[in-house]
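The values are calculated or read from the model by the stated rules, or taken from the named source; none is laboratory data. Keep in mind that this is a model prediction, so the values were computed, not measured. Cβ placement follows ideal geometry from the backbone for every residue including glycine, while neighbour counts extend to all protein chains displayed. The protein model used for the area step is the full one, side chains on, heavy atoms only, and it has no ligands, DNA or RNA in it. Shrake-Rupley method; radii C 1.70, N 1.55, O 1.52, S 1.80 Å.
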Amino acid sequence: MRPDVDQTLAALADPSRRAIVELLREGPRRPSEVAAALSITRPAMSRHLRVLRGAGVVDQELAEGDGRARVIRLRPAPFEQLRGWIEEIEAFWGDQLASFKAHAERVYAARLRESGSPSGEAPERDPEGESQR
């Protein structure tokens, strides 16, 4: 796996950090606002933000018009990289499932031919799995 995706997944592994991300989807906020909205203590909020910043999930900047206040916002890049990785995994499993489906259909068709079923239907089975034709 890519290191950037590893960092993003590690940062999002904590439920509190996922809640922070969900709240920040609405827009940038001051850390104190996020802490209050999620009932997180300021020291805990500081630790969570350190992890999220370290993974590049959020950034922090000075608020407009207030040189002392800071706001945090989501960065799209880590989520785009995560989405790309997930799409690669989905494509892999889509290919695998398509191959399995084709194989299962070939096996099923071969069994129909072997059973000599004139209607092309599968032979009926009793509860023990024996063919009843």
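Counted by Cβ distance under 14 Å from residue 96, the other residues give a net charge of -2, where Lys and Arg count +1 and Asp and Glu count -1. The listed residues 75, 29 rank as 75, 29 when sorted by accessible area, largest first, using a 1.4 Å probe. Rounded, prolate or oblate: which fits the stretch 11-80, taking a ≥ b ≥ c as square roots of the Cα gyration tensor eigenvalues, rounded meaning a/c under 1.5, else prolate when a/b beats b/c? It is oblate, given that a/c is not under 1.5 and a/b is not larger than b/c. Figure legend: label point modelled 7 angstrom from the Cα of residue 10 along Cα→Cβ; residues of the stretch 46-61 with amide N under 14 Å from it are 50-57.
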